[in-house]
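No value in this document is a laboratory result; all are computed from the given coordinates. Note that the coordinates shown come from a computational prediction; the quantities given were computed from them, not determined experimentally. Every residue, glycine as well, gets a Cβ built from its backbone with ideal geometry; the counts of neighbours run over all protein chains shown.
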């Protein structure tokens, strides 16, 4: 890694420490942020795999890495938007594409949500069927839960339920508005071509000579 790239990477981490998502000085610097995201993804994958093999609690380390990765993705989006770009291809390195993300529901109180879904199922409300499953424990099927919450929001059920089960200032669910995410595609590094072998032989005169197959 060149001294200049090391310096730019240091600047990125200084931005992270400050917590300010601002456009980078130059558009080409997006490559450094993209490569930093790739590096963090590799570390996250390592820790997640390590977690499966070792009975240790490393959730906090993964959370920190994901926070850094998401921060640098936000820096990339901010820089592209500041330059009126939706995508960027860095020849020999990576391809960066931004895309819109749908809204997302967050279930703040799973027990309360499960109870409400089970009540809806008991009342034979079709939209609630299959949203939760019970094996050794009850699991929420997030994709179906999102659809259910969209339905409840549209038909007014969510507002009625919120009035009944609201605890303090927190709702049992909350909704994040649509946002943006970034897709990164990295080019594979080319493997160095093998060098042609050189063989050392001894001539009849006792002199040493080399045979290079590239010149034969």
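Can you give the alpha-carbon Rg of the stretch 12-90 over 2.2 N^0.38 Å, where N counts its residues? Normalised Cα radius of gyration, the stretch 12-90: 1.25. Could you check the simple spin-label distance between residue 125 and residue 97, using points 7 Å along Cα→Cβ, in nm with one decimal? It works out to 3.8 nm between the two label points. Its relative contact order, with pairs defined as Cα atoms under 8 Å and 6+ residues apart, puts the stretch 32-83 at 54 percent.
Where the centroid of each part is defined by its Cα atoms, how far is the stretch 12-61 from the stretch 92-106 in Å? The two parts, judged by their Cα centres, are 16 Å apart.
In this rough spin-label picture, where each label sits 7 Å from Cα along the Cβ direction, the residue 20-residue 82 distance is 1.0 nm.
With R₀ set to 41 Å, the beta-carbon distance separating residue 13 from residue 164 gives a calculated FRET efficiency near 0.30.
Decide, for the stretch 27-151, between rounded, prolate and oblate: order the square roots of the alpha carbon gyration tensor eigenvalues as a ≥ b ≥ c, take rounded if a/c falls under 1.5, and otherwise choose prolate if a/b is larger than b/c, else oblate. It would help to have the intermediate numbers written out before the result.
Working: a/c = 3.46, a/b = 1.71, b/c = 2.03.
Oblate shape, in that a/c is at least 1.5 and b/c is the bigger or equal ratio.
If a spin label sat at a point 7 angstrom from the Cα of residue 186 along the line to its beta carbon, the backbone N atoms of the stretch 21-41 nearer than 15 Å would be those of 31-41. Note on residue 4/residue 27: beta-carbon distance plugged into 1/(1 + (r/R0)^6) with R0 of 25 Å gives a FRET efficiency of 0.95. Beyond 16 Å, what share of the Cα-Cα pairs of the stretch 83-173 remains, rounded to the nearest whole percent? Within the stretch 83-173, distances greater than 16 Å cover 62 percent of Cα pairs. Panel order for 107, 141, by other beta carbons found within 10 Å of each beta carbon, from fewest to most: 141, 107.
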